[in-house]
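The structure under discussion appears below in the form of structure tokens.
The values are calculated or read from the model by the stated rules, or taken from the named source; none is laboratory data. Just so it is clear, the model here is predicted, and its values are computed rather than measured. Using ideal geometry, Cβ is built from the backbone for each residue, glycine included, and neighbour counts are taken over all protein chains shown. In case anyone asks, the SASA skips ligands and DNA or RNA and just uses the protein heavy atoms, side chains included. Shrake-Rupley method; radii C 1.70, N 1.55, O 1.52, S 1.80 Å.
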Amino acid sequence: MSSNQQLDISAADKKLIVQNFIRDATTDFKIISTEASKFGEQRAGYLGDHFELKFAVLVTNEDVTDGVLDIALFAKAMPKAIPSLARYLEQTEAFSKEANLYRELIPRLQKLGRFAPEVLFSAANGELIVFRNLKLEGFRPLQNNDGLFDLVHLEQALRVLARMHAACWALERQTGKLVTEMHPGLLDENSWVLKEDFPRVNELENNIATLLALVKHYEKDDKRRNDLVEKIPSCVRQIYELVKTSGVYRNVFSHADLWNNNMMFRYSEHGSPIDCLLVDFQLSRYVPPAYDFNMLLSLTMTSGYRRKHLSFLQGYYYQSLRMELTRHGIAIEDILTQEDFQESCHMYRKAGAIDGFFINHITLLPKDVLDEVFSSAEKYESFTSESKTTECLKAYDESLCYKTRMIDIIENIVDIFGL
């Protein structure tokens with residue numbers, strides 16, 4: 001079956017996936033059929049191919065009608081149809097990093113507090129991960145064109161961050177070791193590393209070029225425009241230092257890619273969000289929780305809305321963290337004082353501002369543009385080289401939403417760096 005061949009799943013791996021789904025090693029079953037199909041009408045993400053993986057399983061369990069169990073799962077695979085993207089993921093170790101996290105660290109943390117989907121299989125070669133399908137539990141991303149959250153969605157997102165961060169500190173307290181000692185190399189920085197021939201170095205410079213092109217496009221004051229073009233690059237390159245593990249503040253397992261599609265919400269019958277889970281851990285790192293806090297706010301709020309509610313949201317996250325740590329028998333003051341949290345939040349505003357542009361100038365492009373980019377190897381190659389800036393400028397001119405968000409994001413960088 002052609003779609004299944006794309007996933008390259010052995011018979012033994014299929015059996016393991018089904019066994020993990022059933023959660024009972026003593027249950028006898030026989031896989032009747034396997035089917036893989038594209039997950040959804042549009043891409044669920046941009047650093048992998050996504051499939052709905054279905055099994056029809058004959059089980060010896062009288063509770064299952066006719067003895068046949070239909071299983072629908074979510075699978076994430078290395079995007080081999082676009083060789084340059086696959087090569088990029090291999091060079092940055094993004095896909096293998098997530099596979100290893102789901103094989104080693106995340107299941108340990110999930111026992112202390114759920115923050116992610118349950119993994120059923122992570123291939124040893126790091127090229128395939130299979131999960132329980134969150135959609136069947138009622139989870140879905142917030143679908144909007146501007147990527148913005150209201151307060152009730154932000155509260156749920158902050159609560160799941162607090163659960164994840166607290167689980168990390170609880171595990172460290174239980175074992176007497178940092179997670180970086182338990183799993184050496186697993187959380188090494190793979191996003192912004194300043195080293196020769198690393199693809200993200202070129203990507204960062206390309207992001208700066210697009211940022212400056214947008215500044216030149218909208219800033220009419222010659223003196224201010226020239227001043228910003230001169231000063232912005234060195235400010236943005238501070239990200240290389242900001243992503244490093246802190247020697248001042250307590251570090252934690254960090255998601256570090258908190259744009260709106262990487263958070264999935266479950267809703268009440270009245271339409272209010274009542275829970276949130278995180279997906280896509282390809283860029284995770286070991287930094288203070290203020291990094292995730294600032295990234296979330298920078299990617300999902302306008303600067304004016306953020307200023308208005310910052311104090312409340314800082315307090316909400318800190319109290320959520322307090323409650324989670326208390327559940328683990330840990331006093332928050334022994335880990336992170338409120339003063340240190342607020343100080344670190346002020347420090348990591350710069351990281352949030354930079355990430356706000358780096359991620360949103362791509363993810364906020366019209367969906368048809370991004371689907372076209374990922375439709376073939378040739379179009380992806382073109383976009384990552386000469387056409388990205390052109391597409392961003394075109395979106396700026398044609399989409400009021402994109403234009404408004406880009407100006408707000410750029411002016412936030414200007415404000416936070418005091419330019």
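Comparing Cα centroids, the range 232-247 and the range 357-419 end up 22 angstrom apart. Ordered from largest to smallest accessible area (heavy atoms of protein chains, 1.4 Å probe), the residues R87, R108, R405 come out as R87, R108, R405. Charge dipole of the range 228-281 (Cα centre as origin; +1 on each Lys and Arg Cβ, -1 on each Asp and Glu Cβ, all else neutral): 260 debye, rounded to the nearest 20.
A straight Cα-to-Cα reach below 17 Å connects K14 with the lysines K30, K54, K76, residues fewer than 8 places away in its own chain not being considered.
At a Förster radius of 51 Å, what calculated FRET efficiency corresponds to the Cβ-Cβ distance of K135 and D222, to the nearest 0.05? Approximately 0.50, to the nearest 0.05. Shape analysis of the range 103-205 places it in the rounded category; the axes a ≥ b ≥ c from the Cα gyration tensor give an a/c below 1.5.
Highest mobility in the GNM of the chain, judged by mean-square fluctuation with C-alpha springs under 10 Å and restricted to T390, T245, T302, is found for T390. Cross-link reach is defined here as a Cα-Cα straight distance under 21 Å, omitting same-chain residues fewer than 8 places apart; for K350 the lysines meeting it are K231, K244, K308. Counted without the sites themselves, the longest stretch of the chain free of GluC sites (Glu not before Pro) in a DSSP loop having at most 11 other beta carbon atoms within 10 Å is 270-419.
Annotation: aspartates and glutamates with alpha-carbon distance below 15 angstrom to K367 (same-chain offsets under eight excluded): E41, D146, E391, E398. Between H328 and I32, residue separation times 0.36 nm minus the direct Cα-Cα distance comes to 102.2 nm. May I ask for the distance between the Cα centers of the range 75-93 and the range 151-210, given as a whole number of Å? Spelled out, the Cα-based centre of one part sits 20 Å from the other. Rounded to the nearest 0.05, what FRET efficiency do E339 and R307 have when you use their Cβ-Cβ distance and R0 = 30 Å? Working from the Cβ atoms, E equals 0.90. GNM on the chain, alpha-carbon springs under 10 angstrom: the most fluctuating residue among M264, M164, M323 is M323. If I build a Gaussian network model for the chain, linking alpha-carbon pairs within less than 10 angstrom, which residue out of L69, L148, L258 has the largest mean-square fluctuation? Looking only at L69, L148, L258, the biggest GNM fluctuation is shown by L69. What distance in nm separates the simple spin-label points at K195 and Q143, each placed 7 Å from Cα in the Cβ direction? Between K195 and Q143, the simple spin-label model gives 4.2 nm.
Solvent-accessible area of T60, all protein chains in place: 110 Å² (probe radius 1.4 Å, heavy atoms, ligands and nucleic acids excluded).
Taking every protein chain into account, the 1.4 Å probe leaves S37 with about 40 Å² of accessible area, to the nearest ten. Restriction of the trypsin sites (Lys or Arg not before Pro) in the range 155-238 to DSSP coil positions whose beta-carbon has at most 12 other beta-carbons within 10 angstrom yields K177, K195, K220.
Largest accessible area first, the residues R322, R23, R103, R132 order themselves as R23, R103, R322, R132 under a 1.4 Å probe with ligands, DNA and RNA left out.
Of the residues L73, C345, H361, the one whose Cα sits farthest toward the positive end of the charge dipole of the chain, with +1 on the Cβ of Lys and Arg and -1 on the Cβ of Asp and Glu, is C345.
Each of D13 and T404 was given a label point 7 Å from its Cα along the Cα-to-Cβ line. The distance between the two points is 4.5 nm. Placing a label point 7 Å from the Cα of S84 along the Cα-to-Cβ direction, the residues of the range 363-388 with a backbone N closer than 14 Å are 373-388.
When nucleic acids and ligands are ignored and a 1.4 Å probe is applied, Y267 ends up with an accessible area of around 40 Å². Against the criterion of solvent-accessible heavy-atom surface with a 1.4 angstrom probe, H255, H309 sort, most first, into H309, H255.
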